[in-house]
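Derivation of every value follows stated rules applied to the coordinates shown; laboratory data play no part. On a predicted model such as this, the values are computed, not experimentally measured, just so you know. Backbone-built Cβ (ideal geometry, glycine too); neighbour counts: all protein chains shown.
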Amino acid sequence: MRSVKISGLLVAVVLPVLLAIGGAAFAQDKTIELKLAHWVPPAHPLQKAMEEWGASIEKASNGTIKSKVFPAQQLGKAEDHYDMARDGIADVTYINPGYQPGRFPVIAAGELPFLMTNAKGGSQALDGWYRQHAAAEMKDVKFCLAFVHDPGALHSKKKISSPSEISGMKIRPAHATMAAYMTSLGGTNAFGSAPQAREMLEKGVADAITFPWGSILLFKIDQITKFHMDVPLYATTFAWVMNKAVYEQMSASQKKVIDDHCSPEWALKVASPWADYEAAGRDKLRNAEGHEVYKITDAQLNEWKKAAEPLAAKWAEGAKKAGIDADKALNDLKAALAKNSASF
């Protein structure tokens, strides 16, 4: 009993001292205000996720790291967000590496077709796997976290079931890997960021689009595309990156707060609401008047998968040029997906 009382006394005396020391350390820190930038509409789930991430950082830093979110390309175009973080136009940005084909060959493994089935396990797998490569591939910035959206599908103005039907069509691809896939099937790529997609389809610049389900509604693409192939065709890799100079000017205690928020746990927190949002979009489209959400046969699926096989070899070429063991890296990613129940 005596030892218990002494332990309790020590906790009662030492804990407030430790908390006071921690509070004093933050009190001495210079207040930093971060500009958090993304390029999707404020109604997108990522807006709230980024706000919650910033609020959690402010609380954990005792108010010494504050933030403001700039949505909808307010600080720059979607494809420029990596360079915006590098150059300090924004402090933390949301990037789609696939918007700059060939620049980030390693993380592009997550774009390969028929690789994963869901965004939650997929994001945990991708984030954990990519951390060992991020410092080399994204060396201009501080890498924070990586994730994917729930697998997207092919949405079009006419019904498409077989890969041979892509020939002669104009497709707005989600990223460089989808662009290569559509080209290999005889299609022509019409490039444009997500905010540009609806106008491209409306003006006939594109006949079809690879896009996640809920975002078809968010960007009002459902007003143009009426046919939706219900197959988890692909995912898109995303990352949050941070300006290095801003991070380096922080105190040790502030850096720890940022590091604690640039974690696999936060990758899942960021991905989860968006995953649920996209998955719900499939049901909304299925019940929407004038829309057809349709399955394809096993034979047709095998045709799509066989046609996609050369993409893995092409990815491996780029990865080897980046100095990594491509076979091992892809096998490691597949193992991570299996471990997180996200394998196709």
Relative contact order of the chain (C-alpha contacts under 8 Å, at least 6 apart) in percent is 24 percent
Exposure-ranked with fewest Cβ neighbours within 10 Å first, Val293, Val106 stand as Val293, Val106
The range 180-219, Kirkwood Rh and Cα Rg, ratio Rg/Rh at 0.97
Once both label points are put 7 Å beyond Cα along the C-beta direction, the Lys157-Ala280 separation in nm becomes 3.1 nm
Once both label points are put 7 Å beyond Cα along the C-beta direction, the Lys339-Lys244 separation in nm becomes 2.9 nm
In this structure, the FRET efficiency calculated for Lys139 and Glu289 from their beta-carbon separation, with R0 = 51 Å, to the nearest 0.05, is 0.50
Computed over the range 139-234, the relative contact order (Cα-Cα under 8 Å, seq sep at least six) in percent reads 43 percent
Expected unfolding gain across Ser251-Asp325 under the 0.36 nm per residue rule, minus the alpha-carbon gap, is 23.0 nm
From DSSP H assignment alone, runs of 4+ in the chain each adding -39500 (n - 2.57), the sum over residues rounded to the nearest 500 puts [θ] at 222 nm at -15500 deg cm²/dmol
Between Glu265 and Ile296, Cβ-based FRET efficiency (R0 30 Å, step 0.05) works out to 0.25
Each label sits 7 Å from Cα toward the beta-carbon; between Ser167 and Gln132 the label points are separated, in nm, by 4.3 nm
Filtered hits (aspartates and glutamates, Cα-Cα < 16 Å from Lys255, offset >= 8 within chain) -> Asp29, Glu33, Glu58, Asp91
Of the listed pairs Lys35/Lys334; Lys68/Lys139; Lys226/Lys334; Lys48/Lys244, those with alpha carbons more than 31 Å apart are Lys35/Lys334; Lys226/Lys334
The rounded separation in angstrom of the Cα centers of the range 269-339 and the range 139-215 is 13 Å
For the chain, the longest principal axis of the Cα atoms and the Cα long axis of helix 119-137 enclose an angle in degrees, to the nearest 10, of 70 degrees
Scoring the range 75-178 by relative contact order with C-alpha pairs under 8 Å, at least six apart, yields a percentage of 30 percent
